[in-house]
Amino acid sequence: VQLQASGGGLVQAGGSARLSCAAPRRTFSNNAVGWFRQAPGKDREFVATINWRGGTTHYADGVKGRFTITRDNAQNMVSLQMWTLKPEDTAVYYCAVSRYATGSGDRQDYLYWGQGTQVTVSS
């Protein structure tokens, strides 16, 4: 299953960026979707997740209040809007489709992963 993540790039600290993830309808519409990130030399970590309806979201503590995850099931698209970016947000960001309707921060719950998109925040 191919997930297409896009929208990364180079951003100045304090700036914003928007990531998008497109997935096939058959793997998307009834499943939660999450965003994870991996910085150089670190483990992949949870960022945000949204349930299949889009009504419930969860965020990692470090991004609460700065990131917003949304989904458009008609377009098979999930987005991650990021504001007030910090250099520590620099990472490769991955979208992933869960095996469940409700999202979690556990990587093991996610079946399909995108190829990742680089976000670099300069100080």
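The values are calculated or read from the model by the stated rules, or taken from the named source; none is laboratory data. Being a predicted model, the structure only gives us computed values, none of them experimental. Note that we place each Cβ from the backbone using ideal geometry, even for glycine, and neighbour counts take in every protein chain shown. SASA here: full protein model, heavy atoms, side chains in, ligands and nucleic acids out. Shrake-Rupley method; radii C 1.70, N 1.55, O 1.52, S 1.80 Å.
Summary of values
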read-out: Subset tally (residues that are more than 22 Å from Q108 (Cβ to Cβ) and hydrophobic (A, V, I, L, M, F, W, C)) for the range 68-96; value: 5
read-out: Matching residues, the range 94-113, being crowded, with 19+ Cβ neighbours inside 10 Å and hydroxyl-bearing (S, T, Y); value: Y94, S98, Y110
read-out: Test result for R18, at pLDDT 95 or above, over 12 Å from G114 (Cβ atoms) and among the charged types (D, E, K, R); value: yes
read-out: Some residue of the range 105-118 being assigned to a strand (DSSP E or B) and closer than 29 Å to G14 by Cβ; value: yes
read-out: Candidate set: the range 85-123, residues that are among the β-branched types (V, I, T) and within 10 Å of V33 (Cα to Cα); chosen: the one farthest from the chain's Cα centre (by Cα); value: T102
read-out: Matching residues, the range 30-75, being part of a strand (DSSP E or B), surrounded by fewer than 19 Cβ atoms within 10 Å (Cβ to Cβ) and among the hydrophobic types (A, V, I, L, M, F, W, C); value: none
read-out: Residue match in the range 76-93 (condition: assigned to a loop (DSSP other than H, G, I, E, B), open to solvent by less than 40 Å² (accessible area, probe 1.4 Å) and in contact with a helix residue (DSSP H, G or I) (Cβ under 7 Å, 6 or more places away or on another chain)); value: yes
